[in-house]
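Enquirer: I am attaching a structure below and will ask some questions about it afterwards.
The values are calculated or read from the model by the stated rules, or taken from the named source; none is laboratory data. Note that the structure is predicted; figures quoted are calculated from it, not measured. All Cβ positions, even for glycine, are placed from backbone atoms using ideal geometry, and neighbour counts span all protein chains on display.
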Amino acid sequence: MSGPLVFGAVIVAAGRGVRFGRPKQLVAVGGRPLVAWSIETFGTMPEIAELAIATEPESVAALQELAERYAPARAVRVVAGGATRQASVARGIAALSATCEAVAIHDGARPLVLADDVRRAMAQVGAGQAAVLAAPVVDTIKRVPRDAATVAETLDRAELWAAQTPQLATRADLERAHAAAARDGIDATDDTALLERIGVRVVVVPPSGENFKVTLRADRELAESVLRERAGERARVEYRVGHGFDAHRLVEGRPFVLGGIEIPCAFGPLGHSDADVLAHALSDAILGACALGDLGAHFPDIDPQWKGADSMRMLEACVAMAAAGGYTLANVDVTVVVERPRLAPHLAAIRARVAASLRIERDLVSVKAKTSEGMGYTGDGTGIAAYAVAGLVRSERR
Ligand code: MG
């Protein structure tokens, strides 16, 4: 054999689900029709060239729509199935084009099959050799003859496997097996059983994940919880850190505003707005975490609308910009450096005000006050400075 086989997939989505009150394959599981999960899995595997879906005649249109939505890049043929599962599979195989040398037959009621497990099974397939996803049986199995109520024997569990799908074989072997079954009047619910009859070897491939059949309401709930868990594993959390700095000159007769709180003082920071260094440093930290430039770019000094403005409003606008990018504040930490006035008595009020503006819990907001021991512009009373870091989180589903 030269090169890997070209595979087509047949999804069997027939059977009116009396238990669910509507065609079982169209019952919603995890926010989409049950069979859509299988269509997506096989329809997005590059190794699967084509898809055929066998369903009852009245569901053909609905399945065609699902195929366009969940396997948009794949050639999909939806065919009306036959009177039995075996007949439906045969029609599905016949619907695949001649380029398909091997076929994976899957039950549309198994929404959880993993592409990697399908690949491992595909690797086993060759002329005279088929593969089936199967799991060792956990229950002890008793053989009870037809029309009897007593056990004839207890089977050796170590030798028992429960067949799942997909079941895979070369197209030639499958066509031979179906022809033989038709000739001999055999009707099986399992594709590999037909292959075994004609001497094809069948390799069992244990699935790495859940692959149960959804037949009862309880299965549906369990399938949804597996799908939720898998979606959670794929959720990506992105952490960002931003840094901000600000300094203003201190002059007589200006209000001393810090973190939106006015502190009684004979002097205050000079600036176009209220010159709130804490609000400015923190705004820059938030913008920095999102790589959105700095405060000056968004709120220019020369813009008259920000003259004497409450800088906490600018801070709130920065939080809104971050939120628009999907970012949520995880925490902030600010250090204010000034010699006088003493900030300690005001820190609790500042934290509360900042937390309110950021719309986060107070214990996620840290505000610290430092002096620079008489050194430099913050030490000789010339100015006030603030340093801030902001941690942001963005979670996205892939
Ligand atoms: Mg400033």
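Enquirer: Modelled with pLDDT of 95 or more, more than 16 Å from the ligand (Cβ to nearest atom) and in contact with a His (Cβ under 8 Å, 6 or more places away or on another chain) - does that describe any residue in the range 181-197?
Expert: yes
Enquirer: Taking the residues in the range 382-398 that are of a type outside the set (K, R) and modelled with pLDDT under 95 as candidates, determine which candidate is nearest to the chain's Cα centre (by Cα).
Expert: E396
Enquirer: Would you point out which residue out of T165, T189, T150, T140 is surrounded by 12 or more Cβ atoms within 10 Å (Cβ to Cβ) and either part of a strand (DSSP E or B) or among the hydroxyl-bearing types (S, T, Y) (or both)?
Expert: Of T165, T189, T150, T140, the one residue that is surrounded by 12 or more Cβ atoms within 10 Å (Cβ to Cβ) and either part of a strand (DSSP E or B) or among the hydroxyl-bearing types (S, T, Y) (or both) is T165.
Enquirer: Next up: Among the residues of the range 225-252, write down those that are of a type outside the set (A, V, I, L, M, F, W, C) and over 25 Å from A348 (Cα atoms).
Expert: Passing the criteria: S225, R228, E229, R230, G232, E233, R234, R236, E238, Y239, R240, E252.
Enquirer: Given (1) touching a residue at least 60 places away in the same chain (Cβ under 8 Å); (2) of a type outside the set (S, T, N, Q); (3) part of a strand (DSSP E or B), where does L5 come up short, assuming only one miss?
Expert: L5 satisfies all of (1) touching a residue at least 60 places away in the same chain (Cβ under 8 Å); (2) of a type outside the set (S, T, N, Q); (3) part of a strand (DSSP E or B) except (3).
Enquirer: On the given criteria, is A281 buried (at least 19 other Cβ atoms within 10 Å of the Cβ), within 13 Å of the ligand (Cβ to nearest atom) and at positive phi?
Expert: No; evaluated as a whole, the condition is false for this residue.
Enquirer: Residues being away from the ligand (no atom under 13 Å from the Cβ) and either part of a loop (DSSP other than H, G, I, E, B) or over 16 Å from V241 (Cα atoms) (or both): count how many of those fall in the range 284-296.
Expert: Qualifying residue count, the range 284-296: 4.
Enquirer: Any idea which residue in the range 297-310 is nearest to A247 (Cα to Cα), counting only those that are more than 42 Å from the chain's Cα centre (by Cα) and part of a loop (DSSP other than H, G, I, E, B)?
Expert: D301
Enquirer: Hey, could you check the range 317-328 for residues that are surrounded by fewer than 20 Cβ atoms within 10 Å (Cβ to Cβ) and more than 16 Å from the ligand (Cβ to nearest atom) and say which is nearest to the chain's Cα centre (by Cα)?
Expert: Here the answer is G326.
Enquirer: If L250 meets every condition in (1) under 33 Å from the mean Cα position of the chain (by Cα); (2) under 21 Å from D301 (Cα atoms) apart from one, which number is that one?
Expert: Unmet for L250, out of (1) under 33 Å from the mean Cα position of the chain (by Cα); (2) under 21 Å from D301 (Cα atoms): (1).
Enquirer: What do you reckon, is A275 within 22 Å of D380 (Cα to Cα), surrounded by 15 or more Cβ atoms within 10 Å (Cβ to Cβ) and either within 16 Å of the ligand (Cβ to nearest atom) or not polar (S, T, N, Q) (or both)?
Expert: yes
Enquirer: Give L112, L133 a once-over and let me know the one that is part of a loop (DSSP other than H, G, I, E, B) and out of contact with any Lys or Arg (no Cβ under 8 Å at 6 or more places or on another chain).
Expert: The unique qualifying residue is L112.
Yes/no per residue for (1) within 16 Å of the ligand (Cβ to nearest atom); (2) assigned to a helix (DSSP H, G or I); (3) of a type outside the set (K, R); (4) out of contact with any Leu (no Cβ under 9 Å at 6 or more places or on another chain):
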site	(1), (2), (3), (4)
L222	no, yes, yes, yes
A231	no, yes, yes, yes
V237	no, no, yes, yes
R249	yes, no, no, no
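Enquirer: Might you check whether a residue that is assigned to a helix (DSSP H, G or I) and within 34 Å of the chain's Cα centre (by Cα) occurs anywhere in the range 336-348?
Expert: no
Enquirer: Give the residue, chosen from V241, V202, V226, that is more than 14 Å from the ligand (Cβ to nearest atom), surrounded by fewer than 18 Cβ atoms within 10 Å (Cβ to Cβ) and either modelled with pLDDT of 95 or more or over 27 Å from L112 (Cβ atoms) (or both).
Expert: Among V241, V202, V226, only V241 is more than 14 Å from the ligand (Cβ to nearest atom), surrounded by fewer than 18 Cβ atoms within 10 Å (Cβ to Cβ) and either modelled with pLDDT of 95 or more or over 27 Å from L112 (Cβ atoms) (or both).
Enquirer: Of these, A390, A369, which one is free of Cβ contacts under 8 Å to residues at least 40 places away in the same chain and assigned to a strand (DSSP E or B)?
Expert: Matching residue, one of A390, A369: A369.
Enquirer: Also, I was wondering about something else. Sort out which residues of the range 159-172 are more than 37 Å from the chain's Cα centre (by Cα) and either modelled with pLDDT of 95 or more or hydrophobic (A, V, I, L, M, F, W, C) (or both), and write them in order of number.
Expert: A172, the sole residue that qualifies.
Enquirer: Which of the following residues is of a type in the set (G, A, S), under 31 Å from the mean Cα position of the chain (by Cα), surrounded by 18 or more Cβ atoms within 10 Å (Cβ to Cβ) and within 20 Å of L194 (Cα to Cα): A134, A130?
Expert: Going through A134, A130 in turn, the sole match is A134.
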